[in-house]
Amino acid sequence: MTFEEVLIQKPAERAQCAGAALEEVLVSAKDNESLTVGVYECAKVMNLDPDSVSFCVLATDEQFEWDVALQIHFTLIQSFCFDNDISIVRVSDMQRLADIVGDETEQLEDAHCVLIT
């Protein structure tokens, strides 16, 4: 797809393409064991070796929208990413993100933050 084709797409089509591309990147990173999942685990990785982080995905659902502690963590992570030139994507379906980055046997409760290294 060319840049011109993207410009003439409808917003809904553009969002679907972006979502599919993000899913493809996450699956590829998972296969290469390049994912860190969880707010605290991600904070540790960013603190120890921020140059190893390529990309950050932050996810929340309506159920966590009013979680003040989580919003503070998100603010701190976003600030750290901004200071270290790490790209951030915010998504609105944490369960879908957990399904993509988790194993079939693994139940991810803290898939609010995912790093690709």
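Just so you know, all these numbers are worked out from the coordinates, no wet-lab data involved. Just so we're clear, the structure is a prediction, and the values are computed from it rather than from any experiment. Please note: Cβ atoms are built from the backbone with ideal geometry, for glycine as well, and neighbour counts cover all protein chains shown.
Mind listing the long-range amide H neighbours of Val89? Cut-off is under 5 Å, sequence gap 5 or more, other chains count too, H placed in the peptide plane at 1.01 Å from N.
For Val89, whose amide H was placed from the backbone, the distant partners under 5 Å are Cys56, Val57, Leu58.
To the nearest 20 Debye, how big is the dipole of the range 30-117 about its Cα centre, given +1 on the beta carbon of each Lys and Arg and -1 on that of each Asp and Glu?
That gives the range 30-117 a dipole magnitude of about 280 debye.
Could you run the Karplus curve 6.51 cos²θ - 1.76 cosθ + 1.60 with θ = phi - 60° over the range 70-86 and give me ³J(HN,Hα) per residue in whole Hz, x for Gly and Pro?
My calculation for the range 70-86 gives 5, 5, 5, 4, 4, 4, 5, 5, 4, 4, 4, 4, 4, 5, 10, 6, 9 Hz in order.
How long, wide and thick is the range 25-105, going by the Cα atoms along their three principal axes, in whole angstroms, largest first?
Cα spread of the range 25-105 along its principal axes, largest to smallest: 33, 30, 18 Å.
Loop only per DSSP, at most 10 neighbouring Cβ atoms within 10 Å: give me the GluC sites (Glu not before Pro) in the range 32-117, ordered by residue number.
Glu33, Glu65, Glu104, Glu106, Glu109
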